[in-house]
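Before any comments, here is the structure.
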Amino acid sequence: MTVTMEDVRRALDPDEVDYAEASRLGPEAMPHLMALVQQNDPSISPKAAYLAGVIESGESEAVVAAAAASDDARVRIAAAEAAAMLAPAAASRVLDALVLDSDAGVQKLALRSVSAGLSPDLRDKVREVSERAPSEALREIAGEALRRLQ
Amino acid sequence: MFVRGTDGSAWSKAWSLVPTVTLHLKILTAPTSFTVDQMVEGMRTVYATRGIGVAVGSRENLDLPLLTDLDVGSCTMGSVTTEQTQLFGNRNNVGTNQVAVYFIRSTNPPSNGCAAFPAGRPSCVVTSAASQWTLGHEVGHVLGLNHVDPTDRLMMGGGTWNITNPPPDLIDSERATMDNSPLTPSI
Ligand SMILES: [Zn+2]
């Protein structure tokens, strides 16, 4: 079965998306998800970036990384969430910039996606946030992330 | 029912006895595709076609930068995350059987909104990238409505950005469900 853009939109357009159901589209959805991320449209790009993380594919990292480079914080947030579902090396690369993002929401989600097995470089950055973030709540979230890394 | 003469208050009293949902608007991040007022107006238009009133009980801005990108988990009715519980605790002015609507930046995972709320605290969230009809759709869920297939209906499951022939419709059976909800007292 060939997955079309129409199939992907049907899965992602609902007001409340069922990602478990949407993931059944499988890796053939990836080119469409990349196209939707590149639209940089807050109503669809975050959903596409997240689904790229849910679906296991060799192309997942590229789609999530494209979202991580968006100038719209909502798209970067979805990339930060999706990173939790990538393999550790890919997750480390995606989260590297996001844990120090200028937007507190992006930082929060990036720190939540930090788990054991990520790169030492990332650990240094998480430690930096846990010590220097202006928000106490964010420092706490970073502290929890740091404990998961150790 | 008194509808006589030039007494404006008699008219208004007679005609205001309609089932009405009262919303309390809590704004963490303003929506970017439509304003909150446009969303309320859209909802009011649709609900009015079936004789359901929409009142705004209060409106306030909430400065909660770490809750505006909200973990909603699987967004299942009756089950909520720690963050939803935290957010829905902000209930200034919200009376019993009234609905708190939180305008947030985004949900995790990404959706346009979510109507899952804990027992006794009727609430929903609407994200900044929502359509004009998402507010009415989410409150529809709060009042007990489920998804339907036709694309010209408010509760269509294919996404309210794709609504055809706007304003979208509510049908009589949906009206009955909304009327039966304790959240629509006649006022
Ligand atoms: Zn819905």
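Multiplying the residue separation of B:Asn162 and B:Ser58 by 0.36 nm and removing their Cα-Cα distance gives an extension gain of 34.4 nm. Taking a point 7 angstrom from the Cα of B:Thr151 along the C-beta vector, which residues in the range A:1-45 have backbone N less than 16 Å away? Residues A:5-15 qualify, since their backbone N sits under 16 Å from the label point.
For B:Ser181, neighbours were defined as the other residues whose beta-carbon sits under 12 Å from its Cβ, and their charges (Lys and Arg +1, Asp and Glu -1) total -1.
Exposure check, 1.4 Å probe, all protein chains in place: A:Ser45 carries approximately 0 Å² of accessible surface. Pairing chains B and A buries close to 2000 square angstrom of accessible surface in total, based on protein heavy atoms and a 1.4 angstrom probe. The helix-based estimate of mean residue ellipticity at 222 nm for chain A, built from -39,500 (n - 2.57) per DSSP H run of four or more residues and divided by its residue count, is -19000 deg cm²/dmol to the nearest 500. Starting from 0 in steps of 5 Å, tell me what percent of the Cα-Cα pairs of chain B lands in each bin. So the P(r) values, bin by bin, are 1, 8, 17, 21, 20, 15, 9, 4, 2, 1, 0, 0. Ranking A:Pro88, A:Pro14, A:Val126 by Cα position along the charge dipole of chain A, where only Lys, Arg, Asp and Glu carry charges on their C-beta atoms, puts A:Val126 farthest toward the positive end.
Length available on full extension from A:Arg123 to A:Thr4: 0.36 nm per residue minus the Cα-Cα distance, which gives 38.9 nm. Given +1 at the Cβ of Lys and Arg, -1 at the Cβ of Asp and Glu and no other charges, the dipole of the range B:20-176 around its Cα centre is 280 debye to the nearest 20.
Taking a sphere under 12 Å around the Cβ of A:Ala116 and counting the other residues whose Cβ falls inside, with K and R at +1 and D and E at -1, yields a net charge of +3. Which residues among the range A:79-109 fall inside the zone where the amide N is under 16 Å from a point 7 Å beyond the Cα of A:Ala116, along Cα→Cβ? Residues A:88-89 fall inside that zone.
Taken residue by residue and averaged, Cβ atoms of other chains lying within 10 Å of the Cβ of A:103-113 number 3. Considering only A:Gly117, B:Ser33, B:Ala55, and ranking their Cα positions along the charge dipole of the protein assembly as shown that arises from unit charges at the beta-carbon of Lys, Arg, Asp and Glu, the one farthest toward the positive end is B:Ala55.
Take every DSSP beta bridge whose two residues both sit in chain B; close to 10 percent of them are antiparallel. Spin-label model, B:Arg44/B:Gln86: points 7 Å from Cα along the beta carbon direction are separated by 3.4 nm.
Once a ≥ b ≥ c are taken as the square roots of the eigenvalues of the Cα gyration tensor of the range A:5-149, is the result rounded (a/c under 1.5), prolate (a/b larger than b/c) or oblate (a/b not larger than b/c)? Prolate. Within the shell defined by Cβ-Cβ distances under 11 Å, the residues around B:Thr151 carry a net charge of -3, with Lys and Arg each +1 and Asp and Glu each -1.
The label-point distance for A:Ala137 and B:Ser74, in a model that sets each label 7 Å from Cα toward Cβ, rounds to 2.7 nm.
Taking the helices alone, chain B has a mean residue ellipticity at 222 nm of -7000 deg cm²/dmol, built from -39,500 (n - 2.57) per DSSP H run of at least 4 residues and averaged over all its residues. For the protein assembly as shown, the per residue solvent-accessible surface stands at 43 Å², with DNA, RNA and ligands left out and a 1.4 Å probe. Principal semi-axes of the equivalent ellipsoid, √(5λ) from the alpha carbon gyration tensor of the protein assembly as shown, are 40, 23, 15 Å from largest down.
The values are calculated or read from the model by the stated rules, or taken from the named source; none is laboratory data. Because the structure is a prediction, the values reported are computed rather than measured. Every residue, glycine as well, gets a Cβ built from its backbone with ideal geometry; the counts of neighbours run over all protein chains shown. What goes into the accessible areas is simple: the full protein's heavy atoms, side chains included, and nothing from ligands, DNA or RNA. Shrake-Rupley method; radii C 1.70, N 1.55, O 1.52, S 1.80 Å.
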